[in-house]
1. Pairs only if they're at least six apart or on different chains, beta carbon under 7 angstrom, first in the range 102-126 and among the hydroxyl-bearing types (Ser, Thr, Tyr), second at pLDDT below 95; list them, first residue then second.
2. Could you tell me which residue of the range 98-139 is least open to solvent (accessible area, probe 1.4 Å), considering only residues that are part of a helix (DSSP H, G or I) and either within 8 Å of the ligand (Cβ to nearest atom) or over 30 Å from residue 73 (Cβ atoms) (or both)?
3. Please verify whether residue 46 is hydrophobic (A, V, I, L, M, F, W, C) and open to solvent by 20 Å² or more (accessible area, probe 1.4 Å), treating the condition exactly as stated.
4. Of all residues being open to solvent by 60 Å² or more (accessible area, probe 1.4 Å) and in a helix (DSSP H, G or I) in the range 1-29, which is nearest to residue 108 (Cα to Cα)? Just the residue, please.
5. Looking at the range 1-30, I want the residues that are within 12 Å of residue 58 (Cα to Cα) and free of Cβ contacts under 8 Å to residues at least 24 places away in the same chain and have a partner that is open to solvent by less than 60 Å² (accessible area, probe 1.4 Å) and part of a loop (DSSP other than H, G, I, E, B) with Cβ atoms under 6 Å, at least 6 apart or on another chain. Which pairs are those?
6. For the range 49-72: of the residues being without any contact (Cβ under 8 Å) to a residue 12 or more places away in the chain and within 12 Å of the ligand (Cβ to nearest atom), which is least open to solvent (accessible area, probe 1.4 Å)?
7. So residue 148 clears everything in (1) open to solvent by 60 Å² or more (accessible area, probe 1.4 Å); (2) touching a Gly at 6+ places or on another chain (Cβ under 7 Å) except one condition, right? Which one?
8. When only residues in the range 24-48 that are within 11 Å of the chain's Cα centre (by Cα) and aliphatic (A, V, I, L, M) count, which is farthest from the ligand (Cβ to nearest atom)?
Amino acid sequence: MELSPCLSCGACEETGECVISDDMDDVYSAIREGDRFILASPIFFFGLTAQVKALIDRCQSFWCEKYLLKRPVPEKPFGRKGLLLMVGGMKKEAGFRCGDATTTAFFRSISVPEHETLFYPGIDAKGAIKKHPTALKEAYEAAKRLVY
Ligand SMILES: Cc1cc2nc3c(=O)[nH]c(=O)nc-3n(C[C@H](O)[C@H](O)[C@H](O)COP(=O)(O)O)c2cc1C
């Protein structure tokens, strides 16, 4: 997808809507209509990737809608829940804490009040996650909890 970064123009503070029109239009609709959300990202420089961060920043319009205009996304019959999946090449956990803090702000802004987080340090090479002894089973179980 082609996503422009947020320009902090301030227009969404008045309307709750972003003035930039690009592939984010489809993401806004999906966020409004959906009730289960999975965000997956590797850790780059102790945070989420620039690609997913651009998407998150563009959700400032949801933040304005919820907190300034007092119009959170309406409740769904089965609520709204999230799951965060991260891998990182290092053994350090700091990057995952940063990724989780960003995602918490993102999910709460789009009116997802709860999420579970799975993260796997020491995953660097392509396909390495497939050799992890528990990751696939844990992701499967977390996804089951997500949909129930
Ligand atoms: C630009 C860049 C920055 C990275 N920074 C970190 C980092 O701060 N912490 C970390 O644990 N891994 C870091 N890594 C390693 C990636 O998290 C790791 O290679 C990951 O498995 C990539 O996931 P992918 O194969 O799905 O792209 C970085 C990799 C790149 C390319």
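1. 111/72; 111/73
2. The selected residue is 135.
3. yes
4. Once the filter is applied, the top-ranked residue is 13.
5. Qualifying pairs under 6 Å: 22/4; 23/3.
6. 49
7. (2)
8. Filtering first and then ranking leaves 31.
The values are calculated or read from the model by the stated rules, or taken from the named source; none is laboratory data. Since the structure is predicted, the reported quantities are computational estimates derived from the model, not experimental observations. With ideal geometry, Cβ positions are generated from the backbone for all residues, glycine too; neighbour counts draw on all protein chains shown. All accessible areas refer to the heavy atoms of the entire protein, side chains included, with ligands and DNA or RNA removed. Shrake-Rupley method; radii C 1.70, N 1.55, O 1.52, S 1.80 Å.
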